[in-house]
Amino acid sequence: MSYMLPHLENGWQVDQAILAEEDRVVVVRFGHDWDPTCMQMDETLFKIAPKVKNFAVVYLVDITKVPDFNKMYELYDPCTAMFFFRNKHIMVDLGTGNNNKINWAVTDGQELIDIIETVYRGARKGRGLVISPKDYSTKYKY
């Protein structure tokens, strides 16, 4: 479903997408369209995009075509989702230790809507770090 979501083709477009949006959260998925993990994430993002259009906008960035942000945001994982609000990176405490980004595929649409809504509500209040509605520290049960 990645072909249905808007792609940002260069660093300038990524910057403009983050800068230009005043009232909504910008969700940027960094990764590859051909990666299975990204395919799952893109499918979820595509399903929820119409539901969150009032408070969030979703963009996709191919990290081989646009390597500008790889070092700055430490984009070493196959699929990474990051959140921005009014040109500010919003961190999310997911219980995983890495508060900068989501680096796995969220396959449940309602979970992702809840995360984006939490980011939106916290960012509107001026918070740079929000607490996720679900704790992902026990994602892998051993």
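Residues being part of a strand (DSSP E or B) and among the hydroxyl-bearing types (S, T, Y) are represented in segment 59-78 by at least one member.
Give me the residue from segment 12-32 that is acidic (D, E) and under 14 Å from V119 (Cβ atoms) and, out of that set, surrounded by the fewest Cβ atoms within 10 Å (Cβ to Cβ). My answer is D23.
Specify which of the listed residues (L8, L45) is buried (at least 17 other Cβ atoms within 10 Å of the Cβ), under 14 Å from the mean Cα position of the chain (by Cα) and within 20 Å of D114 (Cβ to Cβ). Working first, answer last.
Working: L8 fails: within 20 Å of D114 (Cβ to Cβ).
Exactly one residue qualifies, and that residue is L45.
Candidates V52, V92, V119, V27: the one that is more than 23 Å from N10 (Cβ to Cβ), in a strand (DSSP E or B) and touching a residue at least 40 places away in the same chain (Cβ under 8 Å) is V92.
Considering only residues in segment 97-142 that are β-branched (V, I, T) and over 19 Å from L45 (Cα atoms), the one that is surrounded by the fewest Cβ atoms within 10 Å (Cβ to Cβ) turns out to be T138. Could you go through segment 58-68 and let me know if any residue there is buried (at least 17 other Cβ atoms within 10 Å of the Cβ), under 19 Å from E111 (Cβ atoms) and not acidic (D, E). Checked segment 58-68: at least one residue is buried (at least 17 other Cβ atoms within 10 Å of the Cβ), under 19 Å from E111 (Cβ atoms) and not acidic (D, E). Of all the numbered requirements in (1) in contact (Cβ under 8 Å) with a residue 40 or more places away in the chain; (2) surrounded by fewer than 16 Cβ atoms within 10 Å (Cβ to Cβ); (3) under 21 Å from V106 (Cβ atoms), Y76 misses one, and that requirement is (1). Taken over segment 95-116, the residue count meeting the criterion of being of a type in the set (D, E) and either assigned to a helix (DSSP H, G or I) or under 15 Å from R29 (Cα atoms) (or both) is 2. Take the conditions (1) at pLDDT below 90; (2) part of a strand (DSSP E or B); D33 misses just one of them, which is (2).
With respect to (1) of a type outside the set (S, T, N, Q); (2) touching a residue at least 40 places away in the same chain (Cβ under 8 Å); (3) in contact with a strand residue (DSSP E or B) (Cβ under 8 Å, 6 or more places away or on another chain), the lone exception for D33 is condition (2).
P78 meets all of the listed conditions (1) over 19 Å from D15 (Cα atoms); (2) out of contact with any Cys (no Cβ under 7 Å at 6 or more places or on another chain) but one, namely (2).
The values are calculated or read from the model by the stated rules, or taken from the named source; none is laboratory data. Every value quoted in this text rests on a predicted model; they were computed, and no experiment measured them. Here the Cβ is made from the backbone with ideal geometry for all residues, glycine too, and neighbour counts use every protein chain on show.
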